[in-house]
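A.B. asks: If you scroll down you'll find the structure; I have some questions about it.
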Amino acid sequence: MVTAVVIVVVLVVVLVAVFVVGFNRLRRADVLAQEALGGIDVQLSRRADLVPNLVSTVRGYAAHEKSVFEEVTAARTATSRAASGGTVAEKAQADARLEKAMFDVLAVAENYPDLKASANFLDLQRQLGETEDQLAFARQYYNDAAGRLNTSLKTIPWMFFAGPAGVREREFYTAPAGTELPPTVSF
């Protein structure tokens with residue numbers, strides 16, 4: 001009789017322990033993926049914050065390139081909006097739009113040798129390059145975190161804890177269609 005009670009108590013303790021471990025593992029993986037997505041938001045915001053300085057620097061040399069500057073402003077606004085609450089797909093779309101717009105601004109700058117030699121412009125280019133590197137790292141970090149979470153959600157025994165933990169599969173951060181090749185610019 002006592003042995004049966006001990007066995008039942010041990011089984012209950014083991015089941016509770018397994019549930020707690022599974023629940024915590026999935027919640028931890030979900031928090032890491034959310035944190036990684038926040039890293040992308042930080043870098044998108046940082047890049048969007050650098051854009052007005054770049055635009056004003058280039059605008060002084062190339063005031064007649066109005067459509068390029070308008071697109072940069074619109075793309076920056078879309079990026080800021082997506083970074084503050086958009087889906088992963090919306091963030092990727094806004095990211096690609098701003099990247100193309102910045103490419104267009106830098107292409108305009110190529111036509112102005114004095115601008116390319118400006119210390120302010122060179123510093124902005126350096127900062128943008130660093131931000132692009134950090135953004136690439138943040139994207140990869142997020143995709144790794146999402147991959148680990150998604151793998152856990154599809155494997156036994158962790159898949160049984162997804163519902164109670166309130167964790168769902170996360171989409172990967174992918175470049176929107178058409179952004180595989182650099183944009184072409186013609187003036």
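What follows is calculated from the coordinates using simple rules that are stated; it is not laboratory data. Quantities reported herein were computed from a predicted structural model and do not represent experimental measurements. Cβ: placed from backbone, ideal geometry, glycine included. Neighbour counts: every protein chain shown.
A.B. asks: Among 102, 143, 125, whose Cα projects farthest towards the positive end of the dipole of region 30-165, with charges put on the beta-carbon of Lys, Arg (+1) and Asp, Glu (-1)?
C.D. replies: Projecting each Cα onto the dipole axis, the largest value belongs to 143.
A.B. asks: On to the next question. If I take every Cα pair under 8 Å that is 6 or more residues apart in the chain, average their sequence separation and divide by the length, what percent do I get for the relative contact order?
C.D. replies: Details: 164 pairs, mean separation 64.6, N = 187.
35 percent.
A.B. asks: Let me ask another. Put +1 on the Cβ of each Lys and Arg and -1 on the Cβ of each Asp and Glu in the chain; which of 51, 31, 173 then has its Cα farthest toward the positive end of the dipole?
C.D. replies: The residue sitting most towards the positive pole is 31.
A.B. asks: Could you give the nm distance between label points at residue 127 and residue 148, where each point is 7 Å from its Cα heading toward the beta carbon?
C.D. replies: Using points 7 Å along Cα→Cβ, the separation is 3.3 nm.
A.B. asks: Taking R0 as 41 Å, what's the FRET efficiency between residue 2 and residue 28 from their Cβ-Cβ distance, rounded to 0.05? Intermediate values should be presented prior to the final figure.
C.D. replies: On the way: r = 38 Å, r/R0 = 0.93.
That pair, residue 2 with residue 28, gives E of 0.60.
A.B. asks: Moving on to the next point. Roughly how many Å is it from the Cα centre of region 111-137 to that of region 1-32, as a whole number?
C.D. replies: When both Cα centres are located, 54 Å separates them.
A.B. asks: Taking the Cα-to-Cβ direction at residue 15 and at residue 117 and moving 7 Å from each Cα, how far apart do the two end points lie in nm?
C.D. replies: For the pair residue 15/residue 117, the computed spacing is 8.0 nm.
A.B. asks: In degrees between 0 and 90, to the nearest 10, how far off the longest principal axis of the chain does helix 119-153 point, with axes built from Cα atoms?
C.D. replies: 20 degrees
A.B. asks: Then there's this: Mind putting a number on the dipole of the chain about its Cα centre? Charges go on the C-beta only, +1 for Lys and Arg and -1 for Asp and Glu, and I need it in Debye to the nearest 20.
C.D. replies: So the dipole magnitude of the chain works out to roughly 700 debye.
A.B. asks: How would you rank 133, 30, going from fewest to most other Cβ atoms within 10 Å of each one's own Cβ?
C.D. replies: Values: 133 11, 30 21.
Listing 133, 30 from fewest to most nearby Cβ atoms yields 133, 30.
A.B. asks: Sort 73, 57 by Cβ crowding within 10 Å, fewest neighbours at the top. Each step should come with its number before you reach the end.
C.D. replies: Details: 73 14, 57 18.
Fewest-to-most Cβ neighbours within 10 Å comes out as 73, 57.
A.B. asks: At R0 = 25 Å, how high is the FRET efficiency between residue 56 and residue 81 if r is their beta carbon distance? Nearest 0.05 is fine. Provide the component values of the computation, followed by the final result.
C.D. replies: Details: r = 21 Å, r/R0 = 0.86.
My answer for the efficiency is 0.70.
A.B. asks: Rounded, prolate or oblate: which fits region 30-165 when a ≥ b ≥ c are the square roots of the eigenvalues of the alpha-carbon gyration tensor, with rounded for a/c under 1.5 and prolate only if a/b beats b/c? Don't skip to the answer; put the middle values down first.
C.D. replies: Values: a/c = 3.84, a/b = 2.74, b/c = 1.40.
Prolate shape, in that a/c is at least 1.5 and a/b is the bigger ratio.
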